[in-house]
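Values quoted throughout were computed directly from the atomic coordinates according to the rules given, and no laboratory measurement underlies them. This one's a predicted model, so the numbers in the text were calculated from it and none came from an experiment. Methodologically, a virtual Cβ is constructed for each residue, glycine included, from the backbone with ideal geometry; neighbour enumeration extends over all protein chains shown.
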Amino acid sequence: MEYLLIFISAIFVNNIVLSQFLGICPFLGVSKKIDTALGMGGAVAFVMTLATIVTYIVQKYVLEPAQLEYLQTLAFILVIASLVQMVEIVLKKVSPTLYQALGIFLPLITTNCAVLGVAILVIQKDYTLLEAVVYALSTALGFALALTVFAGLREQLSLVNVPKAMRGMAIVLVTAGLLSLAFMGFSGVDTGLKTLFGVE
């Protein structure tokens with residue numbers, strides 16, 4: 001039950017982009033078409049889950065025993081950048097078609113603050129490794145959901161006659177704000193589920 005609550009909360013209630021405002025740069029930059037949004041969402045899901053596992057192990061078995069917790073951010077950034085590079089090299093050799101499909105998305109993930117944010121949040125929330133993996137995967141799915149819905153909205157906006165003063169980034173930001181307000185409708189769902197199932 002605890003895992004289901006983490007899953008629902010990370011996707012809808014505390015969406016990494018629309019509630020916590022992490023990963024805004026790819027959210028605004030890669031959301032012009034649904035195809036690219038799905039590609040970015042898949043790449044982020046893979047890297048975020050893998051990075052969370054590795055950074056969790058680094059934190060619990062390297063930094064904490066050596067009392068080097070103050071190096072957490074630097075260590076996590078290095079781990080994420082190295083992971084992205086390794087994944088890129090492996091994909092290039094093992095599956096060139098998938099590597100071509102992901103294209104520019106893999107290097108972009110290195111600068112996606114949502115990946116680092118999730119790695120740090122997992123430590124702050126004091127999750128177990130399994131809870132951390134569920135949280136990372138569901139957060140990545142929430143990111144992909146928000147990105148895909150936003151891309152669909154932007155595709156529809158391109159068909160509408162937007163007033164001249166609102167064209168470009170202005171209407172994009174207004175749309176992002178409205179989408180964020182729509183996701184606020186899910187607030188309280190996790191509390192309701194906890195009450196329903198008697199989970200503290």
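Key figures
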read-out: Distance violations [Cα-Cα > 31 Å] among Lys33/Lys164; Lys32/Lys194; Lys33/Lys93; value: Lys32/Lys194
read-out: Value of Rg to Rh for segment 17-89 (Rh from inverse mean 1/r over Cα pairs, i.e. Kirkwood); value: 1.06
read-out: Sequence-separation-based contact order of segment 81-200, relative, with Cα cut under 8 Å and 6+ spacing, percent; value: 15
read-out: Segment 1-96, relative contact order [Cα under 8 Å, separation at least 6], %; value: 15
read-out: Segment Thr73-Lys194, extension gain: residue separation times 0.36 nm, minus the distance between their alpha carbons; value: 40.3 nm
read-out: Spin-label model distance (nm) - Tyr61 vs Leu178, 7 Å beyond Cα toward Cβ; value: 4.9
read-out: When the convex hull of its Cα atoms is projected in every direction, mean area for segment 1-129 (nm²); value: 8.7
read-out: Coarse-grained scattering of segment 61-149 at q = 0.11, 0.14, 0.20, 0.22 Å⁻¹, given as base-10 log I(q)/I(0) from a Debye sum over alpha-carbon atoms; value: -0.39, -0.62, -1.11, -1.22
read-out: Charge dipole of the chain about the Cα centre (unit charges at C-beta), most positive-ward option of Cys25, Phe7, Val62; value: Cys25
read-out: Sparsely packed chymotrypsin sites (Phe, Trp or Tyr not before Pro) within segment 1-33, loop by DSSP, other Cβ within 10 Å at most 16; value: Phe21
read-out: GNM result for the chain, Cα springs below 10 Å: residue of Val58, Val13, Val162 fluctuating most strongly; value: Val162
read-out: Alpha carbon centroid spacing (whole Å) that separates segment 55-121 from segment 153-191; value: 30
read-out: Relative contact order (%) - the chain, alpha-carbon pairs under 8 angstrom, separation at least six; value: 44
read-out: Chain lengthening between Phe21 and Thr97 when straightened (0.36 nm per residue, less Cα-Cα); value: 24.1 nm
read-out: Test item: Cα-centred dipole of segment 1-131, Lys/Arg +1 and Asp/Glu -1 on Cβ, debye; value: 440
